[in-house]
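The values are calculated or read from the model by the stated rules, or taken from the named source; none is laboratory data. Predicted model only: the values in this text are computed from it and were never measured. Reconstructed Cβ throughout: ideal geometry from the backbone, glycine too, with neighbour counts over all protein chains shown.
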């Protein structure tokens, strides 16, 4: 995987923050990574709610990409360690 691939998920929430549904809108190009992100979103349910219910948004667009400061796993050939 080259560059800094990004995944975008559309997430629908219930009023208590529970994930009602999610849909992959933009793939990283790696189906295993996309699936891992989807599992992470589902395992995070319910998502934290804002203290002020008037700013609660039922529909979210969540973007995921590797942090610039994140080091790759040891032995990963695609990313040199710094």
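Within the range 1-18, can you find the residues that are within 13 Å of the chain's Cα centre (by Cα) and either part of a strand (DSSP E or B) or modelled with pLDDT of 95 or more (or both)?
6, 7, 8, 9, 10, 11
Determine which single condition residue 26 fails, assuming it passes every other condition in (1) exposed (fewer than 13 other Cβ atoms within 10 Å of the Cβ); (2) at pLDDT 95 or above.
Here residue 26 meets the rest and fails (1).
Check whether at least one residue in the range 32-41 is assigned to a loop (DSSP other than H, G, I, E, B) and surrounded by 11 or more Cβ atoms within 10 Å (Cβ to Cβ), and report yes or no.
No, the range 32-41 contains no residue that is assigned to a loop (DSSP other than H, G, I, E, B) and surrounded by 11 or more Cβ atoms within 10 Å (Cβ to Cβ).
Pairs needed: first member in the range 28-54, over 21 Å from residue 16 (Cβ atoms); second member anywhere, part of a helix (DSSP H, G or I); C-beta distance under 6 Å; at least 6 residues apart or different chains.
28/34
Across the range 1-23, which residue is nearest to residue 66 (Cα to Cα) among those that are out of contact with any helix residue (DSSP H, G or I) (no Cβ under 7 Å at 6 or more places or on another chain) and surrounded by 15 or more Cβ atoms within 10 Å (Cβ to Cβ)?
5
Going by the structure shown, is residue 81 under 14 Å from the mean Cα position of the chain (by Cα), closer than 16 Å to residue 3 by Cα and modelled with pLDDT under 90?
no
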